[in-house]
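Okay, structure first, notes after.
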């Protein structure tokens, strides 16, 4: 079936390909918006919010240790934080599998994780892998990823919303001319 679709797409004009891409984005956006209203989505959010609460307990424990005189050392680097984000993306992707909407999100997350990993393998920057953060800093960063899970998914859904990707002209003294509209259209 894929070969047939590839052959058909090869015969399309650039305009037809663009229209097909727009239709695909609209279809995906509708599926994803509907997914945000499902029980599966609510369970997914609850799962990660619970993980956030577990991270909060780790933070509190670490803070109690500090009160008792335990001294923190910088053992984590920017690289560790980026690796943690990579792991988070894969963890989220692995929790998705029930529906076509979840497959869209899963594919996007795996692509993002691959891009993150490629970035990590190529990044050469002074002090990037030098420990400058404590374990507590890393735990806080992980907690925020879990806590903001609904924002992350809604942002992924927004990516497919073609109507909201236009930046309005906020200058009250400029008319909404065709030229200004063309300058602010990011789609």
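The values are calculated or read from the model by the stated rules, or taken from the named source; none is laboratory data. All of these numbers come straight from a predicted model, not from anything done at the bench. Don't worry about glycine lacking a Cβ; one is built from the backbone with ideal geometry, like all the others, and counts go over all protein chains shown.
Take the residues in the range 70-85 that are assigned to a loop (DSSP other than H, G, I, E, B) and touching a helix residue (DSSP H, G or I) at 6+ places or on another chain (Cβ under 7 Å), then tell me which one is nearest to residue 41 (Cα to Cα).
Applying the first criterion (assigned to a loop (DSSP other than H, G, I, E, B)) to the range 70-85 yields 70-75, 77.
Imposing the further condition that a residue be touching a helix residue (DSSP H, G or I) at 6+ places or on another chain (Cβ under 7 Å) reduces the set to 72, 75.
On the way: 72: 38, 75: 36 Å.
Among residues in the range 70-85 that are assigned to a loop (DSSP other than H, G, I, E, B) and touching a helix residue (DSSP H, G or I) at 6+ places or on another chain (Cβ under 7 Å), the one nearest to residue 41 (Cα to Cα) is 75.
Mind checking which helices (runs of 4 or more DSSP H) fall wholly inside the range 86-187 and carry at least 3 residues that are surrounded by fewer than 15 Cβ atoms within 10 Å (Cβ to Cβ) and modelled with pLDDT under 90? Even if it seems obvious, please write down each step before you answer.
Numbers: elements: 100-122, 135-147, 149-158, 178-184.
Here the list reads 178-184.
From 42, 25, 61, which residue is modelled with pLDDT of 95 or more, assigned to a helix (DSSP H, G or I) and closer than 27 Å to residue 105 by Cα? Give the derivation first.
Values: 25 fails: modelled with pLDDT of 95 or more; 61 fails: closer than 27 Å to residue 105 by Cα.
Only one candidate qualifies: 42.
What pairs can you find where one residue is in the range 14-25 and surrounded by 12 or more Cβ atoms within 10 Å (Cβ to Cβ), the other is outside any helix (DSSP H, G or I) and at pLDDT below 80, and their Cβ atoms are less than 9 Å apart, with a gap of 6+ or different chains?
Short answer, once both residue conditions are applied: 19/12; 20/12; 22/187.
When the residues of the range 64-80 are filtered to those that are within 18 Å of residue 141 (Cβ to Cβ) and loosely packed, with under 15 Cβ neighbours inside 10 Å, which remaining residue is modelled with the lowest pLDDT? I'd like the intermediate steps shown before the answer.
Kept after step one, since they are within 18 Å of residue 141 (Cβ to Cβ), are these residues of the range 64-80: 66, 72-80.
Cutting the leftovers down to loosely packed, with under 15 Cβ neighbours inside 10 Å gives us 66, 72-75.
Working: 66: 94, 72: 90, 73: 93, 74: 95, 75: 96.
Among them, the one singled out is 72.
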